[in-house]
Every structure is written in C-alpha cells, then in structure tokens.
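There's a structure below that I have some questions on.
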Amino acid sequence: MTGGPAGGTAASVTAVVVTYNRRSLLEEALAALAGQSRPPDRVVVVDNASSDGSADVVARGFPDTDLLVLPRNIGGAGGFGAGMAHALEAGTDLLWLLDDDTVPEPDALGELLAARDRATGPDGPPALVASRVVWTDGRDHPMNTPRAKPRTPPAEREIARAAGCVPVRSASFVSVLVDAASVRERGLPVADYFLWNDDFEFTTRLLRGRRGVLCPRSVVVHKTKEFGGADADPGDRFFYEVRNKIWLFSGSPGLAPPERVLYAGSTLRRWTRTFAGSRDRAVLRRAMLRGLRDGLLTRPKPTADLLREVGVEVPSDDEPRPR
C-alpha cells in the first residue's frame, strides 16, 4: 500500500473545507479548526462563489487560511476536488476533508492521527480514517454513518479492534482524514457529480483493496437544519441522487461486481422509502426521470477539464482511473 509517514505526529495535515453561502457556520467551523489540540498545518477554504460575504469573513477573520474563491458554484464534489488539487500541489501527507457546517471537537484531529498510528499494520497505515459524526443533540447523525466493511478479513478486523476502531468500506466528506499518496494514485473526487454520492464514490475507490477505519473517539458535530438520513425527502435534488448512482454503478472502479449488486439493492430500498415519505411525489418522479435519462445517456465530464474551467489545474496523475 502506498502511504504517507506512519507516525501521525510527523505527518503534515491540510484541512480542506468547502463552503457555499453559510458564513456563520463557516466561521464556527474555522474557529474550531484553529482550536484543535493538534491543529492542521494548513487550512484551505474553497468558496463556491458564495454571495453572502463568506470570502471576506475568511480573509479578515482567518488571514492564515489559504482561500480559494471559485468563479462559479461547482458543488461539493467540484469544491473538494479543487481544494484537494490545490493542497496536493502545495504538498501534504494527509488531507482532512470537512463540510462548512461541521464543527470538530477540540481533539478531533488528534484522535484521527492517533487512530491512524494505532491502526498501522504490515501494509502500512490505513488509507482513510473517519470521525464519528453527531448531530447538535449528540445523537449519531444517520446522514454520515460510514458503511461497515462486509466480510472483513480477520487480520484486518483485529488491527482495527486493537486501535479502538471499526473497519469501513466508505465514509463521508463531513470529517475524514485521507492519505495524500493514495489520492494521487487513485484520483480526485469526480467533480461532475456536483453533489450527492461524490464522497461514496471517492472513498470506495480509495479503499478498494485497502483498509479504512472509523475512529469513534474523533467526534464532530454536523449542524444540519434537521436530523435525518439520506432517505429524507430531497425534492428536486433527487435528480443528483439518481444520476450519480447510475454513473457510479456503471462506471466507477470503486466497487467490485458483487458490491455493485449489494449496494444497488440497498439503493432501491432507500429510494422506495424516499418516495413513501415524500410530501410531493410528482416532484420526485420528475427528478427521477431526469436522473435516469442523464445517468444512462451521459458520462461525467473529466474532473481535470471541469476544474480547469474554474482556474484550477489538476496533474494528470490525480485523475480517477480504473484499477
């Protein structure tokens, strides 16, 4: 396995935060990053063309932050791709990926690094370490629960258990520490996803044939407006869920064929629950039809091309590609 330094205290960490029109939450998130017991070595904020003065707040209140202001909104997928490309170009061992409504507890990064050290095995450190994500009332947030790894080999399970962690197959961009060398090898998130399933596609691709763990001692608060999972009524945004899942199952190298069948089945069950709980099924039906059409008839634009449109260059070896 390719990896950065095994020692968490020796590894350099760049936090990447993507924001869009959530100035107050962004301020809180950046203050929490600055207050870490082990702060990141560098913070990159990607402003997705916010219109609420977010960029000014960062420039005035957090002058040491590396601020990347994009000329248009390219979604969470594009924003994380741009921020990660920017961080990799500058040089870093690890990338800590966070949403702008994520407030890490003071020891969140320190615990991720300590877990990475403890979970280092004969193949090196894990490619990914995810935080426990809770809502504002302390309950585990169902929107950001990493998927447990099915049929985990006993040796891998024991390494995770000894580290106080759980093996995972995927994780959320809400708070995840990823190995920069693995990203260079496996590629950036697919920017054209815009939103939804971009973190699932990216982390499954990063973890295929590799180890990733959830560290329950690293805790972050995800300040969504409501407590709920991915099957909550998404309205017209259901388009992205449908289109991106088709793109993922038909083109991503992240899932082996049996996994495609497994996750496709769970997706259909979740869509059924989404329709059952919807207040306006006509909106969902229209979004689904558009998603089916675009998912079946189009392919994602190459990430390097999309990021180049907003002024971010991506080295060719950071493009996602099949194994």
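The values are calculated or read from the model by the stated rules, or taken from the named source; none is laboratory data. Since we're looking at a predicted model, the values are computed, not measured. Every residue, glycine among them, receives a Cβ derived from its backbone with ideal geometry; neighbour counts consider all protein chains shown. Accessible surface is based on the protein model in full, side chains and every heavy atom, while ligands, DNA and RNA are left aside. Shrake-Rupley method; radii C 1.70, N 1.55, O 1.52, S 1.80 Å.
Sort out which residues of region 237-247 are under 15 Å from ARG285 (Cβ atoms) and under 18 Å from the mean Cα position of the chain (by Cα), and write them in order of number.
GLU241
Within region 157-168, can one find any residue that is under 16 Å from the mean Cα position of the chain (by Cα), in a helix (DSSP H, G or I) and either of a type outside the set (Asp, Glu) or under 18 Å from ARG208 (Cβ atoms) (or both)?
Checked region 157-168: no residue is under 16 Å from the mean Cα position of the chain (by Cα), in a helix (DSSP H, G or I) and either of a type outside the set (Asp, Glu) or under 18 Å from ARG208 (Cβ atoms) (or both).
Kindly indicate the residue of region 135-177 that is under 17 Å from THR267 (Cβ atoms) and hydroxyl-bearing (Ser, Thr, Tyr) and also surrounded by the most Cβ atoms within 10 Å (Cβ to Cβ) among those meeting that condition.
Step by step, filter region 135-177, then rank; the result is SER170.
Taking region 95-146 only, how many residues are part of a helix (DSSP H, G or I) and either modelled with pLDDT of 95 or more or not aliphatic (A, V, I, L, M) (or both)?
Adding up the residues that qualify gives 13.
Taking region 248-281 as the region of interest, how many residues are surrounded by 12 or more Cβ atoms within 10 Å (Cβ to Cβ), among the hydroxyl-bearing types (Ser, Thr, Tyr) and under 23 Å from the mean Cα position of the chain (by Cα)?
Adding up the residues that qualify gives 4.
Return a yes/no flag: does region 204-221 have any residue that is part of a loop (DSSP other than H, G, I, E, B), open to solvent by 50 Å² or more (accessible area, probe 1.4 Å) and within 23 Å of GLY79 (Cα to Cα).
No, that holds for no residue.
Being among the aliphatic types (A, V, I, L, M) and open to solvent by less than 100 Å² (accessible area, probe 1.4 Å) is the filter; apply it to region 282-297 and report the residue that is farthest from VAL242 (Cα to Cα).
ALA282
While we're looking at this one, here's another question. Hey, could you check region 38-54 for residues that are on the phi < 0 side of the Ramachandran plot and over 22 Å from the mean Cα position of the chain (by Cα) and say which is surrounded by the fewest Cβ atoms within 10 Å (Cβ to Cβ)?
Out of the qualifying residues, it is SER51.
Let me ask something else about it. Give just the number: which of (1) surrounded by fewer than 24 Cβ atoms within 10 Å (Cβ to Cβ); (2) under 24 Å from ASP199 (Cβ atoms) does ILE74 not satisfy?
Just one mismatch for ILE74, condition (1).
Name the one entry in LEU109, LEU88 that is more than 27 Å from ARG260 (Cβ to Cβ), open to solvent by less than 30 Å² (accessible area, probe 1.4 Å) and touching a Phe, Trp or Tyr at 6+ places or on another chain (Cβ under 8 Å).
So the residue among LEU109, LEU88 that is more than 27 Å from ARG260 (Cβ to Cβ), open to solvent by less than 30 Å² (accessible area, probe 1.4 Å) and touching a Phe, Trp or Tyr at 6+ places or on another chain (Cβ under 8 Å) is LEU109.
So which residues in region 65-113 are under 15 Å from VAL312 (Cα atoms) and acidic (Asp, Glu), if there are any at all?
Correct list: ASP66, GLU89.
Select, from GLU185, GLU201, the only residue that is surrounded by fewer than 24 Cβ atoms within 10 Å (Cβ to Cβ) and not hydroxyl-bearing (Ser, Thr, Tyr).
Answer to the selection: GLU185.
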